[in-house]
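Please treat every number below as a calculation from the coordinates, not as lab data. Everything numeric in this text was worked out from a predicted model, so none of it was measured. When we count neighbours, we look across all protein chains shown, and the Cβ atoms used for this are built from the backbone with ideal geometry, even at glycine.
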Amino acid sequence: MKKFIMLMLALSLAVVLAACNGDDAEDNEGNNSEEENQDEQASGQQEMPEPDLEGIPDVVAEVNGEEITKEEFESTYEGQFQQMAMQSQMTGQELDQDQLKQQLAEGMVGTELITQEADKRDYSASDEDVDETLSELAEQNGLESKDEFMTALQDQGMGEDEIISQVKTQVKIDKLIAEESGDTEPSEEELKETYDQFKAQQEQMSEDGEQEVPSFEEMKPELETQVKNQKETEATQTIIEQLRENADVTINL
């Protein structure tokens with residue numbers, strides 16, 4: 001379960017992207033009749049694929065002697081598959097499950113590598129750190145409080161001690177990423193560039209080119225979060241690539 005929290009963050013991003021696509025779809029379908037929308041929804045439900053878990057080996061991967069088991073992979077794949085299948089329906093692109101399995105295996109290897117490195121560096125995770133991270137995860141998952149987030153995880157079968165252990169691991173990973181990535185605060189220029197890209201996309205999606213877009217100042221807090229997250233993601237990938245160079249990794253898919 002060491003991969004749980006990192007996976008939760010990845011799935012949260014997928015949910016956000018799906019929600020954004022859904023909002024755009026609603027805007028573009030404003031002129032469609034309710035009956036047409038119902039027909040499209042029914043058609044989409046019929047086309048929803050099932051996760052293909054045939055032939056998954058008992059040990060999906062080994063990372064410096066640590067195993068990623070079939071059970072871990074399958075439970076992770078089912079959650080990831082659900083989000084990707086939803087996005088596939090929205091975009092109309094066929095979901096390549098073989099490719100998704102390989103990507104997921106690589107992702108789980110990367111998470112294992114960065115978890116091992118965080119453990120090696122002997123970072124601490126205080127109660128304050130844990131509370132702050134729980135609150136951030138709750139917000140990212142659309143929940144009002146860390147208590148509500150804890151309850152949601154417990155409803156999924158996780159015990160309180162297990163959740164706290166996973167959050168402490170995430171705290172250590174966050175400290176590793178912060179140490180390696182340096183200053184991730186976005187500049188005004190970066191924020192404006194991101195805003196201009198967003199505005200152009202929204203105008204392109206609007207049939208009349210006059211779709212109302214929030215002002216730069218209104219979107220600034222959201223833009224700051226987006227750019228900072230992007231920088232941290234890039235730093236994380238760089239760390240994983242460096243760790244992978246000297247790691248003993250075998251993927252059995």
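For segment 48-58, backbone phi angles converted through the Karplus equation (6.51, -1.76, 1.60; θ = phi - 60°) give residue-by-residue couplings of 4, x, 9, x, 9, 10, 5, x, 6, x, 4 Hz, Gly and Pro being listed as x. Taking a sphere under 15 Å around the Cβ of Glu128 and counting the other residues whose Cβ falls inside, with K and R at +1 and D and E at -1, yields a net charge of -2. For segment 59-155, the relative contact order works out to 18 percent when only alpha carbon pairs closer than 8 Å and six or more residues apart are counted. With R₀ set to 30 Å, the beta-carbon distance separating Gln154 from Thr225 gives a calculated FRET efficiency near 0.60. Between amide H atoms placed 1.01 Å from N, distances below 5 Å from Glu67 occur with no residue 5 or more places distant or on a separate chain.
Length gained on full extension, Thr91 to Glu74, computed as 0.36 nm times the residue gap minus the Cα-Cα distance: 3.6 nm. Restricting the GluC sites (Glu not before Pro) of segment 142-208 to loop positions (DSSP other than H, G, I, E, B) with no more than 14 neighbouring Cβ atoms within 10 Å leaves Glu144, Glu207. If you plug the beta carbon distance of Glu50 and Glu212 into 1/(1 + (r/R0)^6) with R0 = 51 Å, you get a FRET efficiency near 0.80.
When segment 111-253 is described by a simple charge dipole with +1 on each Lys and Arg Cβ and -1 on each Asp and Glu Cβ, the residue from Thr238, Phe216, Ser145 located farthest towards its positive end is Thr238.
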